[in-house]
Amino acid sequence: MPSDYFEEDDFSGEVNGGVFKRIFGLLRQHWVWVAGFIATIIVVSILDAYFTFLSKEIIDQGILKGDVDALVRILIRYASMILLQSAGIFTFVFLAGVMGERVRYDMRRMLFNHLQTLSLSYYSRTPVGWIMSRVTNDTERVAELVTWGLIDSTWGVVNIATTLTFMFAINWQLALIVLSIIPILLFAAVQFRKRILKQFRKVRKINSRITASYNENISGVRVVKALGREDGNLDEFKLETGEMYSASYRAAWLSALFLPIVQIISAFAIGGIIWYSGAQVNFESISVGGIQAFLSYMTFMMWPIQDLARVFAEMQRSLASAERIFRLVDTAPEIQNKPNAIDPGSIRGDIIFEHVHFWYEDEMPVIKDLNLHVKPGETIALVGSTGGGKTTIVNLLCRFYEPKRGRIMIGGHDYTDLSLEAIQSRIGVVLQTPHLFSGTIRENIAYGRLIATKEEIEKAAKLTGAHKFISHFEKGYDEPVGEGGVLLSVGQKQLISLARAVLSDPEVFIMDEATSSVDTITEALIQDGMEAIMQGRTSFIIAHRLSTIKRADRILVIEGGQIAELGSHAELLRLQGKYYKLYTQQFRAEREDAYNIFKEEPKAAVETE
Ligand SMILES: Nc1ncnc2c1ncn2[C@@H]1O[C@H](COP(=O)(O)OP(=O)(O)OP(=O)(O)O)[C@@H](O)[C@H]1O
Ligand SMILES: [Mg+2]
C-alpha cells in the first residue's frame, strides 16, 4: 500500500490568494481571449435581464394600453436582442473552449517539463498513479475552473447586479426586500458548500489512493497472479471503495438537500413581495407589469445565486487541484546544476571517488567511505552479493544521486561543479531491465541520438549483434516493440539498448547486467556487443557473467557498501577471499555448463583458468 507521503493533502478550504494569482498568471498570456470572453458574457447577461424588462413594457405599454404599434416596436426590439444574444452565447462558448484548451495545454507542458527535471529520488518516493492524477485530473479541473467557472461566476455576478439595477429602477422599496434576502441565501449556500466540500475532499483522497493501487496492481499483475494475492488485494480495495462510497453518499445527500432549502428561503421572499406590493398597488405606486417583472426578476435571480454557490464550491475543489499542481511544479529537483556549473566539453579522464558516503534514508548508510581511482579506458567490474550497493555506486556516478559526504571527481573537476547535462549526456547506461518505449525498433535505437541516419542505426545494431534478430522480423527495423518492449525477449531488449548506447557514442559506459539467464547464443551476442562499446571507453559493469568479469581490468567486490576486495581476476583468485568464494560457488556450475567439463574441486577448477 502506498505510503502517506503522496496522500491527497487537505485543502485549507480558504480561498488562497497565491493560487489564484498563479492561475491568473496562466491566463495572462491569453488576456485578449479572456477580455473578449468576459465582455461577451457581460453583454449576454445584461440582455438576459433586459428581456424581463421588455416583458414589462409589453404588458404596460402594449397590452394594457391596447397600442398595437408600440407592441410591434417592442417585439422587433425583442427579436433583434435575441439575435444579438445568440451570437453572444456562441462567442463565449467558443472562447471558453479555446481558453480551456490553452490552459490545459500550458499546464501539461509545464508539468511535463518539470517532471523531467526531477531527480530519481522523487520518483522512487512518489507512485506513478499520483503523478498521473496530477497531470490528468488536476489539469482538467483547473481548465474547467478557468472556463466554466469563469463563465458561471461572471454570469452570476453580472446577472445579480443588473437584475438588482432593474429592480431598483422599477421600485426601490421592493428591491430592498430582495436585497435583504440575498445575504441569507448566500449564507445558507456557503454552509452547505463547506460540508459538501469536506465529503468531496474525502472522496478525492480515497480516489487517488485507489488509482495508485490500481496502477501498482496492473503493473505488477504477474506478481499478483503468481503469488495468488488477488483476494488480499481485493479486500484492501473493497475497504477503500467502501469508504469512498459512504463519503460520496453523504455528499450526494447534502447536495440534494441544498436546492429545497434555497427554494424555501426564496419562497419567503416572493411571499414578502406579493404581500408588500399588494399593499402598494392599492396606493398605485407600482404598475401590474411592474409587479409581474419583479416576480420574474426574483425567480430569475435565484439561479445566479445558486450558480454562484455551486461555482464557489467547485472552485474550492479546483483550487485544491491547482494547489497540488503548483506544489508539484515547485518541488525543487534534489540534484540541480550549481549556478556556475560548467561543461568541460568532455568527461574523459580519471574518475575518482574520494571518501564517498551515501544513504537513501537517514541513518541507513548504503555506501561507506568509498575510495576508488579509475583510469580513462579502464573496465571495472562490480560484483558482490545482492543489496551490497553496486547499483547505488553507478547511480552516484551518473549523478542520479550525489554523495552525502566526500566527493566524486571527473577529469579533475568535482562533478557537482559540472552541469548535469555535461555528465549525463556523455554517459551511456544500459540497465538491468532495459526500458524500451512503445514504437518501432528503429525509434528505440535512435533514442540515443535522435538525428541518427538509417545507416548509423543499422551500423550500431550490427556492431552490437542486434541486427541479426532484427532482420528476422517481418518489418525489420520498423517492427513495433509493444508497450515497454513487451513483444521482445529480455535478451533482445538488452541488445537494442546496447545498440542505443553505441549510437549515442558515450564517453563512459555503464551496464547493469541482467541476472536473468538468456540463451547461450544471445549471451555471446550481448558479450560481443558490450566489447564493441567498451572499446576505448571507461566502463563500469555490474557483472554477473563470468566472461565479462574475466575481461575486466579490475574487479571490485562490493559488500555492505564498501570495497571488500579489488584486483584482477587472477589476483583475486590467488587471494582466496570473498571473490574466490563467490566465483567458485556462483560460477562453477555455469562454467561447467558452458565448457562441459566434469565436476572438479574448486581449487583445481581455479588452477585450470
Ligand atoms: N531508492 C532507494 N531508497 C532507499 N533505499 C534503497 C534504494 N535503492 C536501494 N536502496 C538500498 O540500498 C542498498 C543497496 O542497494 P543497491 O541497489 O545498490 O544494491 P545492489 O548491490 O545493486 O544489489 P543487486 O545485486 O541486488 O542489484 C540496499 O540495502 C537497498 O535496500
Ligand atoms: Mg543492483
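The values are calculated or read from the model by the stated rules, or taken from the named source; none is laboratory data. Keep in mind that what you see is a predicted model, and the values were worked out from it rather than measured. We place every Cβ from the backbone using ideal geometry, glycine too, and count neighbours over all the protein chains shown.
Pairs linking a residue in segment 174-185 that is within 16 Å of Leu295 (Cβ to Cβ) to a residue that is exposed (fewer than 13 other Cβ atoms within 10 Å of the Cβ) and of a type outside the set (Val, Ile, Thr), with Cβ atoms under 8 Å and 6 or more positions apart or on different chains, are Ile181/Phe268.
Applying the criterion of being surrounded by fewer than 21 Cβ atoms within 10 Å (Cβ to Cβ) and farther than 13 Å from Phe353 by Cα to the residues of segment 368-385, the residue that is nearest to ligand 2 (Cβ to nearest atom) is Ser385. The residue that is farthest from ligand 1 (Cβ to nearest atom), counting only those in segment 366-402 that are in contact with a helix residue (DSSP H, G or I) (Cβ under 6 Å, 6 or more places away or on another chain) and under 14 Å from Ile351 (Cβ atoms), is Thr379.
Restricting attention to segment 391-419, the residues that are within 15 Å of ligand 2 (Cβ to nearest atom) and under 17 Å from Met364 (Cβ atoms) total 6.
Where helices (runs of 4 or more DSSP H) sit wholly within segment 92-162, those with at least 2 residues that are of a type in the set (Phe, Trp, Tyr) occupy 120-125. Is it the case that some residue within segment 351-367 is surrounded by fewer than 16 Cβ atoms within 10 Å (Cβ to Cβ), within 16 Å of ligand 2 (Cβ to nearest atom) and touching a residue at least 60 places away in the same chain (Cβ under 8 Å)? Yes, there is a match, as at least one residue in segment 351-367 is surrounded by fewer than 16 Cβ atoms within 10 Å (Cβ to Cβ), within 16 Å of ligand 2 (Cβ to nearest atom) and touching a residue at least 60 places away in the same chain (Cβ under 8 Å). Close Cβ contacts (under 7 Å, 6 or more residues apart or on different chains) running from residues in segment 384-405 that are without any contact (Cβ under 8 Å) to a residue 12 or more places away in the chain to residues that are assigned to a loop (DSSP other than H, G, I, E, B) and within 7 Å of ligand 1 (Cβ to nearest atom) are absent. Among the conditions (1) of a type outside the set (A, V, I, L, M, F, W, C); (2) more than 16 Å from ligand 2 (Cβ to nearest atom); (3) crowded, with 17+ Cβ neighbours inside 10 Å, the only one that Gly388 does not satisfy is (2). Cβ-Cβ distances below 8 Å connect the following pairs, each with a first residue in segment 506-530 that is within 16 Å of ligand 2 (Cβ to nearest atom), a second residue that is of a type in the set (D, E, K, R) and at pLDDT 80 or above, and a separation of six or more residues or different chains: Asp512/Lys390.
I'd like to verify a number: residues in segment 167-193 that are closer than 17 Å to Thr52 by Cβ and either surrounded by 19 or more Cβ atoms within 10 Å (Cβ to Cβ) or among the β-branched types (Val, Ile, Thr) (or both), how many? Count: 6. Would you confirm, using the coordinates I've provided, whether Leu95 is crowded, with 17+ Cβ neighbours inside 10 Å, of a type outside the set (D, E, K, R) and under 15 Å from Thr331 (Cβ atoms)? For Leu95, the condition - crowded, with 17+ Cβ neighbours inside 10 Å, of a type outside the set (D, E, K, R) and under 15 Å from Thr331 (Cβ atoms) - is not met. Restricting Val481, Val486 to residues that are modelled with pLDDT under 90 and under 24 Å from Ile451 (Cβ atoms) narrows the list to Val481. Just one of (1) in a helix (DSSP H, G or I); (2) under 24 Å from Gly529 (Cβ atoms); (3) touching a residue at least 24 places away in the same chain (Cβ under 8 Å) fails for Val429. It is (1). Filtering segment 546-584 to residues that are over 14 Å from Gly384 (Cβ atoms) and of a type in the set (A, V, I, L, M, F, W, C) leaves Leu546, Ala570, Leu573, Leu575. Scan segment 185-200 and tell me whether some residue there is within 23 Å of Asn137 (Cα to Cα), at pLDDT 80 or above and either acidic (Asp, Glu) or over 26 Å from the mean Cα position of the chain (by Cα) (or both). For segment 185-200, residues within 23 Å of Asn137 (Cα to Cα), at pLDDT 80 or above and either acidic (Asp, Glu) or over 26 Å from the mean Cα position of the chain (by Cα) (or both): present.
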